[in-house]
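Where a number appears in this text, it was derived from the coordinates with a stated rule and is not lab data. What you see is a predicted model; the values in this text were computed from it and never measured. Every residue, glycine among them, receives a Cβ derived from its backbone with ideal geometry; neighbour counts consider all protein chains shown.
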């Protein structure tokens, strides 16, 4: 599938979407984070056409999310290892999972996150690493960052430096 | 674009992806969460073909993520309001944004999340709402939930009840 490129949009969400390419890519990342590495494993688990899988794996390697390694010389066989950048995608997968469990699993959760030290279900929420405060609509919002162009500035105001210029809540 | 349905996969991630449909849907949700409601606004901001926008809006309404409301009777005009279920998608957008800023914004952040009470940048991370513990590969993992079918059980073991049967760390 060819679609419009989001590459030029000055939006970190659009840029992330550009890299993960399409749904298959997200499910491949999910499986790679779980420890899957081989073409046949991905293919069997996802029931995906081999030519599409090849294309998606190549794109994920080019985006630096998977690393391709030769594991057999004769015949040449490659495996695909999740990179640190790819592993950083896990919070997005866990957020998607929590959202899916909350809204689209009327029969109950089939897969759930647990705390390994207690065996109890965990309920993932976003907090600010710096302050520990939960991130809500009332407490946190987007602002223009140091690299904001004219379009972002029209929407979000003058760019802030990092750390922000003001510390008293005024923009 | 028609693609394989993920509907039947017993995976909350695949089910979430089924609902948000494709990249456009995520960007429409992003704009709706920001307060956009009208067809023309979405169209202008996303530079999306009207027929595709109509299709994506309809799918988001059907999935319960947007609500369609008549705001003008003559001629009939509709607006699209984010629902609570749609608003619950925000942590996924914020996680995508943080990932994009970290890995795909070499010139610095154009958009960043700030704490409204201090004006300082926030760094969103996932923690368990119950314990407050950060969610990491070492501390949290997926387990079969109460509705797990045979496929999930083969991968993740016997299903757990909610709350989990064991509280001492053994599965």
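When residue A:69 is represented by a point 7 angstrom out along its Cα-to-C-beta vector, the spacings to that point in the other copies are 5.5 nm, nearest first. Each residue, residue B:47 and residue A:131, gets one label point 7 Å from its Cα in the Cβ direction; the gap between the two is 3.6 nm. For the range A:12-87, the relative contact order is 31 percent, taking Cα pairs closer than 8 Å that sit 6 or more residues apart in sequence and dividing their mean separation by the residue count.
Placing a label point 7 Å from Cα along the Cα-to-Cβ axis, residue B:154 is separated from the same position in the other copies by 5.4 nm, shortest listed first.
The tail of the calculated P(r) for the range B:25-171, taken as Cα-Cα distances beyond 20 Å, holds 66 percent of the pairs.
Placing a label point 7 Å from the Cα of residue A:39 along the Cα-to-Cβ direction, the residues of the range A:50-74 with a backbone N closer than 14 Å are A:50-59, A:68-74. The simple Förster model, with R0 at 35 Å and r as the Cβ-Cβ distance, assigns residue A:68 and residue B:153 a FRET efficiency of 0.65. Just to be sure I understand the model, the point goes 7 Å from the Cα along the line to the Cβ. What's the resulting residue A:141 to residue B:107 distance in nm? Inter-label distance under the simple model: 2.5 nm.
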